[in-house]
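Written below as structure tokens is the structure these notes are about.
The values are calculated or read from the model by the stated rules, or taken from the named source; none is laboratory data. Remember, it's a predicted structure, so these values are computed and weren't measured experimentally. Quick reminder, even Gly has a Cβ in these numbers, built from the backbone with ideal geometry, and neighbours come from all protein chains shown. Accessible surface is based on the protein model in full, side chains and every heavy atom, while ligands, DNA and RNA are left aside. Shrake-Rupley method; radii C 1.70, N 1.55, O 1.52, S 1.80 Å.
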Amino acid sequence: MRLTASFVACVAVVGGLGSVGCGGGEPCPVAPPPPPVASAPPPPPAPPPPVASAAPPPPAPPPPPPNPMAADEATAVAFAGDVAKALSNVLSTDETAIPAAWAQRVAAPTEGFKKTFNKLLPDGKGDLVATLLDVGAVTPPPGVRAEVQAKLIVTADGRVRFSTVAARDGKNVDAKGTPNLATAEPAVATMLGDVLNHLTTGPCQVPYLSGEELLSLPAPLRGELGADIPTTAAACEIIRAHKDATWEPILEAAVVVLKHADTYVAIAAHFHSDQATGKIVLTPIDVAPVSGKSMELSWASEGPPPAKAPKPAAAAPAPAAPAPAAPAPAAPKK
């Protein structure tokens, strides 16, 4: 009975203390530790959603080639702007209305000019459409002379265009270079020389008004500002035939086109060199509604020489003249 009680007590102690020895100096058996619980590995991170590959941007268009006439076009825009402002304000009493570059260089208009100006532009104002400059060059004597004439167009928004370029040589050449132009307006003289050099050595073309640009203008102006390509091509042949000649620049006339209400008015002026001052003077000469005739060049529209006409065939006999109509009967007297 005693052994049994000791054993039971030992078992009780082992259950309570675990590592405490039992009776009789012998260690009590220890229960093995529970096996470790295997922890589940963390789930792998979800892959990032696929990124849609963006289409590569289209290649940038190549830059336009440099414009060799850019400086000359800037000269034309500045010069034409001063001329347009001077002629548009020629009757203004404000001394600052005319550009400083043309102060004391705009001749007084005639009484007829003033009367017509006030009739067509009663408030003295109009929206600028374009400024036209009649320019050219001529070879000095002696020898076979040649002349070039062109109309340079500067629109109100600063575009520089040309209409027909015409040329002729031989005994009909009677033009003279504008005296002192190279001294009084060196940039303009250089510009005209560059245009001639371009037509001599480069392609036979200058910037023209496109079809869309022409359609945006009133009908009377379209015939004035459109280009005659065959005449320009014939001009290049003459210019290149005199490629080694010396050319004297010509600044002949200016026409400023204004829109007033629903009408278009042209103010025309001539350039001439003042011998006393050496300056180029602008003289107003006419103001008129745009009709399609007042701004034409004197001979640019002639074009290349016409082909010789074939010999006419024998003339057919003229038809008999119709018999005169019988007079109408007189009305009966009442």
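Some observations on this one:
Every residue, every condition in (1) outside any helix (DSSP H, G or I); (2) open to solvent by 70 Å² or more (accessible area, probe 1.4 Å); (3) under 30 Å from residue 241 (Cα atoms); (4) of a type outside the set (Asp, Glu), yes or no:
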position	(1), (2), (3), (4)
77	no, no, no, yes
84	no, no, no, yes
96	no, yes, no, yes
104	yes, yes, no, yes
113	no, no, no, yes
117	no, no, no, yes
131	yes, no, no, yes
148	yes, no, yes, yes
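- Failed item, numbered, when residue 154 is tested on (1) open to solvent by 20 Å² or more (accessible area, probe 1.4 Å); (2) touching a residue at least 24 places away in the same chain (Cβ under 8 Å): (1)
- Taking (1) over 22 Å from residue 80 (Cβ atoms); (2) not in a loop (DSSP other than H, G, I, E, B) in turn, residue 275 satisfies each apart from (2).
- The criterion of being at pLDDT 80 or above, surrounded by 10 or more Cβ atoms within 10 Å (Cβ to Cβ) and part of a loop (DSSP other than H, G, I, E, B) holds for residue 90.
- Condition broken by residue 213, with the remaining ones in (1) within 26 Å of residue 281 (Cα to Cα); (2) among the acidic types (Asp, Glu); (3) touching a residue at least 12 places away in the same chain (Cβ under 8 Å); (4) out of contact with any helix residue (DSSP H, G or I) (no Cβ under 8 Å at 6 or more places or on another chain) satisfied: (1)
- Any hit, the range 238-246, residues being over 15 Å from residue 138 (Cα atoms) and open to solvent by 70 Å² or more (accessible area, probe 1.4 Å): no
- Residues of the range 182-210 satisfying the condition of being assigned to a helix (DSSP H, G or I), aliphatic (A, V, I, L, M) and either loosely packed, with under 15 Cβ neighbours inside 10 Å or out of contact with any Asp or Glu (no Cβ under 8 Å at 6 or more places or on another chain) (or both): 182, 184, 187, 188, 189, 192, 196, 199
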